[in-house]
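The structure under discussion appears below in the form of structure tokens.
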Amino acid sequence: MNFLAHAWLARGGGDDFLYGNLIADGVKGSDLEAWSTDVAHGIRHHRRVDAFVDRHAVTRDILACSPRSGRRYMGIALDLVWDHFVALDLEEAQDEESSVVSRSYRLLSRRSAPSRLAPMVPVLVEQDWLRRYADFSFTCRAIRGIGQRLSGPNRLAELVPWLEAEYPRLGEEFQRLWSDVREALEVAPYDTNRS
């Protein structure tokens, strides 16, 4: 799961909790003393979501049938693909989607992101990535772009044709995964005690 999915799952918590979920990929290590309690809870929640998704049967099945040369990078690609399907699902809940996206952008714009995310966050907000993930071609461009920042050949770009060919199956598998993730880890309003 990427920014949008994490924001949706954490939207029931306070702003610090949501912010922690949004920036967690930029925070290294288990020592979270530098962060407020609620931000640290958000970072831990994000990590639990990632671990749950990584261990889920859907993820394991997709990895098993994905191109061998790209399996090491498939998790990165799937994070963005899952956000694409979350964005499609949320188009039906426009008011709530708009609220969580606007809230996320407000938090990301007003607070400094960890150095690993700092260059990307303003672009994410200015170019409205969270809503644009609903366009699969945009999502694929984002996947290719991440691959350009990695060393060596762009293995993520090499995965895009496979993702496009498997799109219907990925959509079906996403529904199974998303249902399980929401049941296990979606935070009820102001329920930050699930950390």
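The values are calculated or read from the model by the stated rules, or taken from the named source; none is laboratory data. No experiment lies behind these values; they were computed from the predicted model shown. Here Cβ is always computed from backbone atoms with ideal geometry, including for glycine, and neighbour counts include all displayed protein chains.
Scanning the stretch 60-72 for residues that are out of contact with any Asp or Glu (no Cβ under 8 Å at 6 or more places or on another chain) and either under 25 Å from ARG131 (Cβ atoms) or of a type in the set (A, V, I, L, M) (or both) returns LEU63, ALA64. Of all the residues in the stretch 43-56, those that are over 12 Å from the mean Cα position of the chain (by Cα) and without any contact (Cβ under 8 Å) to a residue 40 or more places away in the chain number 4.
Does any residue of the stretch 102-123 turn out to be more than 15 Å from ASN2 (Cβ to Cβ) and in contact with an Asp or Glu (Cβ under 7 Å, 6 or more places away or on another chain)? So far as the stretch 102-123 goes, yes, one or more of its residues are more than 15 Å from ASN2 (Cβ to Cβ) and in contact with an Asp or Glu (Cβ under 7 Å, 6 or more places away or on another chain).
So that you can scan it fast, the table gives a plain yes or no per residue for (1) without any contact (Cβ under 8 Å) to a residue 12 or more places away in the chain; (2) more than 21 Å from ASP50 (Cβ to Cβ):
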{"position": "VAL121", "(1), (2)": "no, no"}
{"position": "ARG144", "(1), (2)": "no, yes"}
{"position": "LEU156", "(1), (2)": "no, no"}
{"position": "PRO161", "(1), (2)": "yes, yes"}
{"position": "PRO168", "(1), (2)": "yes, yes"}
{"position": "GLU172", "(1), (2)": "yes, yes"}
{"position": "ALA184", "(1), (2)": "no, no"}
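For the stretch 117-162, filtering for residues that are among the polar types (S, T, N, Q), at pLDDT 95 or above and either part of a loop (DSSP other than H, G, I, E, B) or buried (at least 16 other Cβ atoms within 10 Å of the Cβ) (or both) leaves 2. Assessment of the stretch 69-91 against the conditions (assigned to a loop (DSSP other than H, G, I, E, B), exposed (fewer than 15 other Cβ atoms within 10 Å of the Cβ) and either among the charged types (D, E, K, R) or in contact (Cβ under 8 Å) with a residue 24 or more places away in the chain (or both)) yields no matching residue.
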